[in-house]
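One structure below.
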Amino acid sequence: MRRLCWIPFFLLACSNTRLAEVDRTEFVFGSYVRIRALAPSQSKAENAVRKTFQEMFRLDTLWSGFLTGSEVALVNESGRALVSAETRDLIEAGLEFCRETEGALDITVQPLIEAWGFLGDGYRVPDTAELKALCKLIDFRKVKVFGDSVVLTRGVRIDLGAVAVGRAVDRAVETLKAAGVEQGLIDAGGDIRVFGNRVWRIGLQNPRGEGVIRVFKLRNQAVSTSGDYQKFFEVDGQRFCHIFDPGTGYPAGECASVTVVAQSALAADAYSTAVFVLGPEKGLKMVQARESLEVVVLVDRGDSLAGYESGGVK
């Protein structure tokens, strides 16, 4: 889950053009999505926001793993299904991130999400034998795309949670721009992307308390945080979150939060999950090999938070 928030922005360069603004929030993709759109007229801004939410609702009906009849649900139920070009492209993008992160991000973790109880309210810690059996199913290489068909090895199920919202946010930006919006912000439960001739101030909240502990200044960029502090349960003082290490079957436990700044919301979304799984040292090493990414990692040391970051974070 995410814990980013936008805070009041400032205009980097002065402009003589007055822009009308629409600020609207709707519930989609399992969280509240906020759109701020600035356009030459109020009617243009309102029309753009309406179209953008319609598009996001449509994508949610394709990619949600919870909605009966979604294309992802159909793939998981049948093991083989015809999908739309948009779903095919998203799955292929997810598989590419799986390869780039050497499996730290794996879109086949759905069986683990179910086994640990994160799809309902029955949290539990599976035993060693159960996890060993489940880990045999966790392998992105068991997902094949043939034209418009997606085929899963028997027992494999996909979860696109690490890429779907990011892709939807990127699509939202495209929709807003096409409708005449010049500047804007989309915040989909903490997957945030901004565009236009403004610098936006985005605050990272404390994963172990209240308040903003870091402010990012973004222009035409995206930012996403993966953390262990909203969707989790504890057993004997040990915290188990919803982000899984595909290699062990256990929730990843080295980081409290990972924030990635990227050019697209899709990349920020995917890499924040991968770095969270890898931990600060391996995760930073992976990100530093990619010039378009910046990362801030927070680690819980018991009585304090330790911070790690790549160079270039603003």
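Couple of notes before you dig in:
- Residue within segment 273-295 that is assigned to a strand (DSSP E or B) and over 25 Å from Tyr123 (Cβ atoms) present: yes
- Gly65 closer than 23 Å to Phe232 by Cβ, in contact with a Lys or Arg (Cβ under 6 Å, 6 or more places away or on another chain), in a loop (DSSP other than H, G, I, E, B) and not polar (S, T, N, Q): no
- Scanning segment 198-223 for residues that are of a type in the set (Val, Ile, Thr) and either within 23 Å of Gly302 (Cα to Cα) or assigned to a loop (DSSP other than H, G, I, E, B) (or both) turns up Val212, Ile213.
- Of all residues in segment 164-179, those that are among the aliphatic types (A, V, I, L, M) and either at pLDDT below 95 or more than 14 Å from Asp269 (Cβ to Cβ) (or both) total 3.
- The set of residues from segment 220-239 being of a type outside the set (A, V, I, L, M) and over 19 Å from the mean Cα position of the chain (by Cα) comprises Phe233, Glu234, Asp236, Gly237, Gln238, Arg239.
- Selection from segment 111-145 of residues that are buried (at least 17 other Cβ atoms within 10 Å of the Cβ) and part of a strand (DSSP E or B): Val143
- Looking only at segment 287-303, and only at residues there that are of a type in the set (A, V, I, L, M, F, W, C) and surrounded by fewer than 19 Cβ atoms within 10 Å (Cβ to Cβ), the one that is farthest from Asp245 (Cα to Cα): Ala289
The values are calculated or read from the model by the stated rules, or taken from the named source; none is laboratory data. If you're wondering where the values come from, they're calculated on a predicted model, not measured in any experiment. Methodologically, a virtual Cβ is constructed for each residue, glycine included, from the backbone with ideal geometry; neighbour enumeration extends over all protein chains shown.
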